[in-house]
Amino acid sequence: DTAVSQTPKYLVTQMGNDKSIKCEQNLGHDTMYWYKQDSKKFLKIMFSYNNKELIINETVPNRFSPKSPDKAHLNLHINSLELGDSAVYFCASSPQTAFNTGELFFGEGSRLTVL
Amino acid sequence: SQQGEEDPQALSIQEGENATMNCSYKTSINNLQWYRQNSGRGLVHLILIRSNEREKHSGRLRVTLDTSKKSSSLLITASRAADTASYFCATVGGSNYKLTFGKGTLLTVNP
């Protein structure tokens, strides 16, 4: 069974469109994250939720909106997509609370290409 | 802002050799972690070392931490072709709890 699963794995879309990436973890973790990895492989945290509550919100355009319907799910919705949004987006979860950050478990990534 | 900086950016060795990657960071940390990423895959946690620890081992991996120099090293002994991947260090700051990644070292182990 996949521990942290993301869908879709690949997403190709036009500028200006709205798209969503879904993430689910079956590890029973309380904390979930979204990271963005650019073309140079640099990973940057975007958001973190602890038990459905937003606790980290980096300087991310408000076109990006995370939603956590329950602690096992953290979805990412992106409005008005831009070329610079092209990247691989990783979902991750952690058994620790956000105030004791330990090991993260990552999904396989969702490669978004904006044309 | 980016915290860890790995060195070298790329490393190519022969199977059986040891590989050493270094990580430097700028601010105080709670812990430092190393992750591996195979091409096109997600990151996999390798090892975590806390700020009050100096060395840790896990199988063929050895991690050291020098908080006075704000640096860490990852040693992979007796490397295998399957160790080919990007390796990232990541730090958890003392005053914030975000896991912040460096740019990674691309390790190529030639058979």
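Computed from the coordinates by the stated procedures, all read-outs in this text should not be read as laboratory data. Quick caveat: nothing in here was measured; it's all calculated off a predicted structure. Because the Cβ atoms are built from the backbone with ideal geometry, glycine has one as well, and the counts that use them run over all protein chains shown.
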| request: In whole Hz, with x marking every Gly and Pro, tabulate ³J(HN,Hα) for the range A:60-71 from phi via Karplus 6.51 cos²θ - 1.76 cosθ + 1.60, θ = phi - 60°. | output: 10, x, 6, 5, 9, 10, x, 9, 10, x, 7, 6
| query | Got the relative contact order for the range A:9-102 handy, in percent, Cα pairs under 8 Å and 6 or more residues apart? | reply | 38 percent
| message | Please list, in order along the range A:4-12, the HN-Hα scalar couplings obtained from phi with the Karplus expression 6.51 cos²θ - 1.76 cosθ + 1.60 (θ = phi - 60°), rounded to whole Hz, x for Gly and Pro. | response | 10, 10, 10, 9, x, 7, 10, 8, 10
| In percent, how large is the relative contact order of the range B:20-69, given Cα pairs closer than 8 Å and 6 or more residues apart? | 26 percent
| request: Project the alpha carbons of chain B onto their principal axes and report the range along each, largest first, in whole Å. | output: 44, 27, 20
| Cα-derived Rg over Rh, computed across the range A:41-86 with Rh taken as Kirkwood radius | 0.98
| query | Got the relative contact order for chain B handy, in percent, Cα pairs under 8 Å and 6 or more residues apart? | reply | 39 percent
| request: Please list the non-local residues whose amide H lies under 5 Å from the amide H of residue B:46, H modeled 1.01 Å from N, same-chain partners needing a gap of 5 or more. | output: B:34, B:35, B:36
| query | Expressed as a whole percent, how much of the Cα-Cα distance distribution for the protein assembly as shown exceeds 22 Å? | reply | 51 percent
| note | The exposure ranking of B:108, B:84, fewest beta-carbon neighbours within 10 Å first, is B:108, B:84
| Got a sec? How would A:68, B:72 order by Cβ neighbour count within 10 Å, fewest to most? | A:68, B:72
| request: Enumerate the calculated ³J(HN,Hα) couplings along the range B:50-57 in order (Karplus 6.51 cos²θ - 1.76 cosθ + 1.60, θ = phi - 60°), each rounded to whole Hz, writing x wherever the residue is Gly or Pro. | output: 8, 5, 9, 10, 10, 8, 8, 10
| Hey, which of these cross-link pairs are over 29 Å Cα-Cα: A:52/B:69; A:9/A:44; A:9/A:71; A:67/B:98? | A:52/B:69
| query | One-quarter of the Cα convex hull surface for the range B:1-66, in nm²? | reply | 5.6 nm²
| note | Kirkwood Rh over alpha-carbon pairs of the range A:17-115 plugged into Stokes-Einstein at 25 °C, 0.890 mPa s gives a D in µm²/s of 181 µm²/s
